[in-house]
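J.: Below: one structure in structure tokens.
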Amino acid sequence: MDFRKIINVAVIAHVDAGKSTLVDAFLAQSHVFSDHDEIVEQVMDSNDLERERGITIYSKNCSVNYKDYKINIVDTPGHADFSSEVERIIKTVDTVILLVDSSEGPMPQTRFVLKKSLEANLRPILLINKIDKKDQRALQVIDEVYDLFLDLDANDDQLDFPILYGIAKEGIVRYEMEDTNTDIAPLFETIVKHVEPYPNLMDKPLKMQVSALAYDDYIGRIGIGRVYEGTIKANEAVTVCDSDIKKQNRKIANLYNYQGLKRTAITEAQCGDIVLVSGIENIEIGDTICANGVVDPMPMIDIEEPTLSMNFMVNTSPFQGKSGKYVTSRNIRERLDKELEVNVGLKVEDTDSTDTFKVSGRGELHLSILLENMRRESYEIAVSRPEVIFRTINHELCEPIEEVVCSVPNDYSGSVINSLNLRKGEMINIEDEGSYTKVIYHVPTRGLMGFRTEFINMTKGEGVLVRKFIEYRPFKGEIPERTNGAMISCATGKTMTYSLWNLQDRGQLFVGPAEDVYEGQIVGVSAKTQEMEVNPTINKKMTAVRSTGNDEAMKLVPHKVFSLEEALEFINDDELVEITPDAIRIRKKYLTNLDRRRHLREVKANEKEAAQ
């Protein structure tokens, strides 16, 4: 086959900086779409959850042609919880387009993805996006990016990065802010001038490393990666080297690459290209596919360990099986095994109970995305409160620490600072930004559970909160849990307006009228610290007496409706979140009062025995 110039580019940035929108512009102005194609915004965010939340969860590939170059583009996630996706993708590209918001400047996740790029010896291209904002401060942001490069020990070549200005949603990239062009041609030109295409190594034996996985119900597990040397062919016999340098003789069944957005079957691909291979059983991230009989593995790809775990359990509530299709432990296990095929940041372990699995991930969002997908696939499941994963480093107990950046209106900064201090946070920096205050804290992951909801309430929804894992540090000590007691239903039935009207003065309700509840379900949170058992199913007694005031309309305060993340943040250790296709409920682990008292006695007896 003839050698073709190939450049692989990753678009990296913080959440909501415009990565997916820029990729839209790449595709639209490369004439990838035909006249009859329906063009949607953020076309790379093909998953339903990605569209609803407006975030990129899975890294995805596409390709465009420019002059005599083929440019493979990788759209990467911006959330720290999906950082394992970013780390692996960086190894397959020739350069990165660093997207920075013209008013926000570099954010914590910007630092993470840039650090990985510089470590891979890539020379980034800086694109200052959203220059049409009224509060844009592009020149100051460029200085901040230079400071960030210096802080990350960038070499002289990396510091000599080209700077472009853009409005991604309008498909505009310019060399200077004053330019008047209305396309992204300057970005294409900068890529081909700034980056050398992949060298011609087609005469060498095949070497390809798997950096990502996909799964297809028809063809099984698919390995995705870059061909570093030689050429790869469909139906070719190869040798696969794994992490233990064990070789396996296998045969590639199908070979694909990306042409525009479409995964296209091909017979052969050259070095430099990103391809998808099927037919190799149990292929893993980091495996090297070599020419038949050749054992020449590439260095393994390190994947950061999970920092958070929770127990996935069979739903045992009285409403079990009413709305879900998959409710048994076997169903849950099969679904988790399927997720492990592609989600390398996830870890699943068996527990003492056959109905419970310990699932570990990179953060609350990472695990809640899996739960939300399972819920939409008609699974029923109960999950425990997320717990951080401790490690012993140099004979000392250590826990994960996160960097938290809060930008809050000045009036609320005191409340936010006080809350982070109570959560064992350490202030790193505080800056005045006009009517806003920007504070940077290092806080234990344990202390941030439940903080996002509290933060939104404290700042009346006007604050911006960004967090990312940085490292493990020595244990910070005990952190107080939720202080408000729960309102626990002591009856099963339909809620009544009369009983809810009497209860709403005692705290905040989580249920509305005519909803099904069961004994042990948490129907609200009390204004006091003590838990209280309530009966939300009582209706008003009918009498034959009529008097003024008896028939007044009962107005209920709107009840709190939890999202999945909010429910996970809210619960304490003795509570569970019940997740079904049509509802998210919060319940006690032990549903009856008798069972809760019995469990409490057992805990106290065990503590007394341990003390002796």
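The values are calculated or read from the model by the stated rules, or taken from the named source; none is laboratory data. Being a predicted model, the structure only gives us computed values, none of them experimental. Note that each Cβ is placed from the backbone with ideal geometry, even for glycine, and that neighbours are counted across all protein chains shown. Each accessible area value is taken on the protein alone, full model and side chains, heavy atoms only, with ligands, DNA and RNA left out. Shrake-Rupley method; radii C 1.70, N 1.55, O 1.52, S 1.80 Å.
J.: Test T190 against the stated conditions and say whether it is at pLDDT 90 or above, open to solvent by less than 40 Å² (accessible area, probe 1.4 Å) and touching an Asp or Glu at 6+ places or on another chain (Cβ under 8 Å). Give the steps one after another, and end with the answer.
T.: Details: at pLDDT 90 or above: yes; open to solvent by less than 40 Å² (accessible area, probe 1.4 Å): yes; touching an Asp or Glu at 6+ places or on another chain (Cβ under 8 Å): no.
When the stated conditions are applied, T190 does not pass them.
J.: Within the range 252-266, identify whether any single residue is open to solvent by 70 Å² or more (accessible area, probe 1.4 Å), in a strand (DSSP E or B) and in contact with a Cys (Cβ under 8 Å, 6 or more places away or on another chain), and answer yes or no. Don't jump to the end; show me each part of the working.
T.: Of the residues in the range 252-266, the ones open to solvent by 70 Å² or more (accessible area, probe 1.4 Å) are 259, 262-263, 265.
Of the ones still in play, those that are also in a strand (DSSP E or B) are 259, 262-263, 265.
Next, only the ones that are in contact with a Cys (Cβ under 8 Å, 6 or more places away or on another chain) stay: none.
No, the conditions are met nowhere in the range 252-266.
J.: Additional query: So if I check each of D273, D355, which one is open to solvent by 40 Å² or more (accessible area, probe 1.4 Å) and more than 22 Å from the chain's Cα centre (by Cα)?
T.: Residue meeting the stated conditions: D355.
J.: Please state which one of L340, L308 is farther than 17 Å from Q209 by Cα, of a type outside the set (K, R) and in contact with a His (Cβ under 9 Å, 6 or more places away or on another chain).
T.: Working: L340 fails: in contact with a His (Cβ under 9 Å, 6 or more places away or on another chain).
Matching residue, one of L340, L308: L308.
J.: Here's another thing I want to ask about it. Can you run down the residue pairs with Cβ atoms below 7 Å, 6 or more apart or on separate chains, where the first is in the range 597-612 and within 22 Å of E533 (Cα to Cα) and the partner is outside any helix (DSSP H, G or I)?
T.: H599/Y590
J.: Separate question: Scan the range 326-335 and give yes if some residue there is touching a residue at least 60 places away in the same chain (Cβ under 8 Å) and of a type in the set (A, V, I, L, M, F, W, C), otherwise no. Don't jump to the end; show me each part of the working.
T.: Applying the first criterion (touching a residue at least 60 places away in the same chain (Cβ under 8 Å)) to the range 326-335 yields none.
Checked against the condition, which is being touching a residue at least 60 places away in the same chain (Cβ under 8 Å) and of a type in the set (A, V, I, L, M, F, W, C), the range 326-335 yields no hits at all.
J.: Of all residues in the range 282-305, count the ones that are exposed (fewer than 15 other Cβ atoms within 10 Å of the Cβ) and either within 27 Å of R362 (Cβ to Cβ) or within 27 Å of the chain's Cα centre (by Cα) (or both).
T.: The qualifying residues number 5.
J.: Kindly provide the set of residues from the range 4-24 that are at pLDDT 80 or above and open to solvent by less than 10 Å² (accessible area, probe 1.4 Å), ordered by number.
T.: Result: I6, I7, N8, V9, A10, V11, I12, L22.
J.: Checking the condition outside any helix (DSSP H, G or I) and either out of contact with any strand residue (DSSP E or B) (no Cβ under 6 Å at 6 or more places or on another chain) or not basic (K, R) (or both), which residue from I128, I142 passes?
T.: Numbers: I142 fails: outside any helix (DSSP H, G or I).
Result of the check over I128, I142: I128.
J.: Could you please let me know if T239 is of a type in the set (S, T, N, Q) and over 29 Å from R333 (Cα atoms)? Spell out the reasoning first.
T.: On the way: of a type in the set (S, T, N, Q): yes; over 29 Å from R333 (Cα atoms): yes.
It is true that T239 is of a type in the set (S, T, N, Q) and over 29 Å from R333 (Cα atoms).
J.: Determine, yes or no, whether K468 is without any contact (Cβ under 8 Å) to a residue 40 or more places away in the chain, surrounded by 14 or more Cβ atoms within 10 Å (Cβ to Cβ), in a strand (DSSP E or B) and at negative phi. Write out each step before concluding.
T.: Values: without any contact (Cβ under 8 Å) to a residue 40 or more places away in the chain: no; surrounded by 14 or more Cβ atoms within 10 Å (Cβ to Cβ): yes; in a strand (DSSP E or B): yes; at negative phi: yes.
It is false that K468 is without any contact (Cβ under 8 Å) to a residue 40 or more places away in the chain, surrounded by 14 or more Cβ atoms within 10 Å (Cβ to Cβ), in a strand (DSSP E or B) and at negative phi.
J.: Which numbered condition trips up E454, out of (1) outside any strand (DSSP E or B); (2) modelled with pLDDT of 90 or more?
T.: Tallying (1) outside any strand (DSSP E or B); (2) modelled with pLDDT of 90 or more, E454 fails exactly one: (2).
J.: Answer yes or no as to whether T180 is of a type in the set (S, T, N, Q), out of contact with any Cys (no Cβ under 6 Å at 6 or more places or on another chain) and surrounded by fewer than 19 Cβ atoms within 10 Å (Cβ to Cβ).
T.: On the way: of a type in the set (S, T, N, Q): yes; out of contact with any Cys (no Cβ under 6 Å at 6 or more places or on another chain): yes; surrounded by fewer than 19 Cβ atoms within 10 Å (Cβ to Cβ): yes.
For T180, the condition - of a type in the set (S, T, N, Q), out of contact with any Cys (no Cβ under 6 Å at 6 or more places or on another chain) and surrounded by fewer than 19 Cβ atoms within 10 Å (Cβ to Cβ) - is met.
J.: Applying the selection to the range 372-425, what residues are in contact with a Cys (Cβ under 9 Å, 6 or more places away or on another chain) and either closer than 23 Å to D573 by Cβ or surrounded by fewer than 20 Cβ atoms within 10 Å (Cβ to Cβ) (or both)? Walk me through it before giving the result.
T.: Taking the range 372-425 as the starting set, the residues that turn out to be in contact with a Cys (Cβ under 9 Å, 6 or more places away or on another chain) are 390-392, 413, 416-417, 420.
F390, R391, T392, I417, L420, listed by residue number.
J.: Moving on. Kindly evaluate N61 against the criterion of being out of contact with any Gly (no Cβ under 8 Å at 6 or more places or on another chain), polar (S, T, N, Q), in a strand (DSSP E or B) and at pLDDT 80 or above. If you could, list the steps in order and put the result at the bottom.
T.: Details: out of contact with any Gly (no Cβ under 8 Å at 6 or more places or on another chain): yes; polar (S, T, N, Q): yes; in a strand (DSSP E or B): yes; at pLDDT 80 or above: no.
No, not satisfied.
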